[in-house]
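What follows is calculated from the coordinates using simple rules that are stated; it is not laboratory data. Model, not experiment: these values are computed from the prediction. Note that we place each Cβ from the backbone using ideal geometry, even for glycine, and neighbour counts take in every protein chain shown.
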Amino acid sequence: MTTSKSDPSRKDITSNANLIVVKIGTRVLTRADGLLDTVRIESLGRQVDSLVASGKQVVLVSSGAVGAGMGRIGLDKRPKELGHLQAIAAVGQSSLIEAYERVFRAQGRHAAQVLLVADDFKNRSRYLNIRNTLRSLLHYNAIPIINENDTVATDELKFGDNDRLAARVAQVINADLLVLLSDVDGLYDKNPKLNKDANLIREISEISSKTFKMATSETNDYGSGGMFTKIQAAEIAFTFGCDTLIMKGNQKNPIKNFEKNKNGTLFKSPIKKKKVSFKNWLGGSINISGSVKIDEGAIKALKLGASLLPSGVKKISGNFAKGDIIEILNDNGKKLGRGISYYDSHELNLIKGKKSIYIKDTLGYEGREEIIHRDYLFLNLNEKN
């Protein structure tokens, strides 16, 4: 098992993080009966206030709307029908924001409710509007409280407890640190509920299939998701150089604990922090329509800053149109990046593996020589790729 001693590298990461996104899970915010735990919300609110008072900017992504609604209505099991879930979320959302507003008002601050849906992150214009709004709220020292708009979104109720939403919010505002508070200490090498010899992993700098295999995907009656979606969130954060800390939220002063670098698993991004840009949006996009597998020659060319040409493509998967975002994979299926395709999947199947000079003869028209231009290409490459 791990110790609680401070790690200098972790201390630097948390102390130097000026813009922090904190996601609070359902099981942290609600009691066993599903009602909101107002005592814990007050404690978390005071801890957030202390961060803001120290000069940091904090955005909260809060789960708990469905759980709070279940408690208020008197349900003891999470409904499966989408319409019922959305109605319960609408009831619970008002209780949730009211609890936060009461806490922050006592500290002389305001809670600002922000409801988002998955489409907001797909659309570049709406994406920028989200960024501008959040920046303005932080300018006025308000605390943004973000949740998925459950009453209109079908994706959220399949998403996994807002973990990936929190990562996308972190990406929008180019956060320095993403903190995921849940009912677990962090990532273990095996399920600690079933294995007494399970060890907590203190730090991870590379996310692979082995990392996901260590995760458990669990649900209870009030929330959804599990460690699997938290690793997915860390993977998203990695794309723009943001570190992720997963730790237990239903303990005494969890936010102060991460300030003191105790407990939890730190996903330390191997990528240098990137500025907010079009490519940053592209890297965090959730609207992936297909994929291409490329050869080693193409990988080397991409590392040198080249565009992706048809000659380097070995296999196409999915049915996508011109202008769609597609994933770029190596032979083993590892994700190398993504980009906007100039060709649709049918055309690409015809020209894959061919030199660009043969595009006109193959398609019957003069197309672009590249499949994805380097200006519309987001890469996540390192020496191991």
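Here is how the numbers come out for the structure above:
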| item | result |
| --- | --- |
| Base-10 log of normalised Debye intensity for the chain (one unit scatterer per alpha-carbon) at q = 0.12 Å⁻¹ | -0.93 |
| Partner aspartates and glutamates for Lys352 [C-alpha distance under 20 Å; skip if fewer than 8 residues away on the same chain] | Asp295, Glu296, Asp324, Glu327, Asp331, Asp344, Asp361, Glu366, Glu369, Glu370 |
| In sequence order, calculated HN-Hα J values of segment 105-114 (Karplus, 6.51, -1.76, 1.60; Hz; x Gly/Pro) | 4, 5, 9, x, 10, 10, 8, 10, 6, 10 |
| The chain, helix-only ellipticity at 222 nm - DSSP H runs n ≥ 4, -39,500 (n - 2.57), divided by all residues, nearest 500 | -11000 deg cm²/dmol |
| Unit charges at the beta carbon, dipole of the chain: most positive-side option, Ala118, Cys242, Tyr358 | Cys242 |
| Over 19 Å [Cα-Cα, segment 287-379], rounded percent | 29 |
| Other-chain or far-sequence residues with amide H under 5 Å of Gly337's (modelled H) | Ile328, Asn380 |
| Contour minus Cα-Cα distance for Lys335 and Asn123 (0.36 nm per residue) | 74.1 nm |
| Chymotrypsin sites (Phe, Trp or Tyr not before Pro), loop per DSSP, at most 13 other Cβ atoms within 10 Å - longest free stretch of the chain | 141-364 |
| Cα-centred dipole magnitude for segment 287-379, charges only on beta-carbon of K, R (+1) and D, E (-1), debye, nearest 20 | 280 |
| Listed residue pairs exceeding 30 Å between alpha carbons, taken from Lys77/Lys210; Lys196/Lys293; Lys273/Lys293 | Lys77/Lys210; Lys196/Lys293 |
| Among Gly290, Gly25, Leu180 the positive-end extreme of the charge dipole of the chain (Cβ point charges) | Leu180 |
| Value of relative contact order over the chain, rounded to a whole percent, pairs C-alpha under 8 Å and six or more apart | 16 |
| Check: the chain dipole with +1 on Lys, Arg Cβ and -1 on Asp, Glu Cβ, in debye | 880 |
| DSSP beta bridge pairing in the chain, given as percent antiparallel to the nearest 5 | 35 |
